Structure formats: structure tokens, C-alpha cells
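Undergrad: Take this structure first; my questions come after.
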Amino acid sequence: MQHSNQTSLTEVKALPAELTSQYSEDGVDVFVGAVHHEKTLTFIKYALLLDAIDEGWLYEQQGWMFNQLQRYREALEAFERARQLGYGNDGWLYKQKSYALDKLERNEEALEACERARRLGYVSEE
């Protein structure tokens, strides 16, 4: 299962308001920031306990949240768990892993992960 086939946690409408808090200013949604990421990590933690959603996808999302919070070592651990759970052919995962490795100044590994993302067909959305 690839990342592109999954729904982002921020798109889930069934979450309580405190987990999806956003506000609109001049018609533009404003991102809440670190507090939002921390709450999403809490959601992921409980979702993993419930075994209700694909664990590999949850770990992939957890890794992304850790990257957003600049918790790169934890991000790498989450990405490795996602890989072990069947996301080893997900280019997005390797792009995010590359980002974390780069921030940790593990340049050679970051380059390898980026190359793996490219080989898997990941195209940056930027």
C-alpha cells in the first residue's frame, strides 16, 4: 500500500475539534503548529493501541509529525517501523527519511534515502 492511496490525518473529519483545530483568517485556513502536531501524535498513539488503522501507515504519519516537530531521531525510528510493516516501497517514506537524516547531518545516508525515493518514483510536491 502506497502513501498516495492513504488519507492524511489532517483530512479525517471524524476527529474531535481539539485534534483538528484550525482557524480561518481572511478565508485562508491557518495552520496551528506544534500543538496540533503533538495532539496528532497522541491520536496516533491511541490508534495504534486500537489496532483499527493500518499500523505501517500510522508509523509513517508519526514519522512525518516527528519531522515537523524537529524530533528527527524519533522520526527515523517511526519510518523504520513503517518500512518493516510493508512500506519499504513507498517513495514518500524515503523522502521524509532523507529529510530527517539531512537534519541530523547524516549526509551520505540522506543521499541514499533520497535516491531510493527517486527510484521508487517519488515526485516532490514542491
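The numbers here are math on the coordinates, done by the rules we state, and not lab data. Here the structure is a predicted model, which means the values were calculated and not measured. Note: ideal-geometry Cβ built from the backbone for every residue, glycine included; neighbour counts use all protein chains shown.
Undergrad: Pop out the ³J(HN,Hα) list for region 107-124 in order, Karplus 6.51 cos²θ - 1.76 cosθ + 1.60 with θ = phi - 60°, rounded to Hz; leave Gly and Pro as x.
TA: 4, 5, 5, 4, 5, 4, 5, 5, 5, 5, 4, 5, 4, 7, x, 5, 10, 4
Undergrad: Related question: Check which residues have an amide H placed less than 5 Å from Leu104's amide H, if you skip close sequence neighbours.
TA: none
Undergrad: Please give the peptides 91-98, 102-109, 62-69, 77-84 ranked by average Cβ packing (other Cβ atoms within 10 Å per residue), highest first, as a rough proxy for protection.
TA: 91-98, 62-69, 77-84, 102-109
Undergrad: Diagonalise the Cα gyration tensor of region 71-112 and give the resulting equivalent ellipsoid semi-axes, square root of 5 times each eigenvalue, largest first, whole Å.
TA: Working from the Cα gyration tensor, I get semi-axes of 17, 11, 7 Å.
Undergrad: Tell me the label-point distance for the pair Asp51, Asn107, using the 7 Å Cα-to-Cβ offset, in nm and rounded to one decimal.
TA: In this crude spin-label approximation the distance works out to 4.6 nm.
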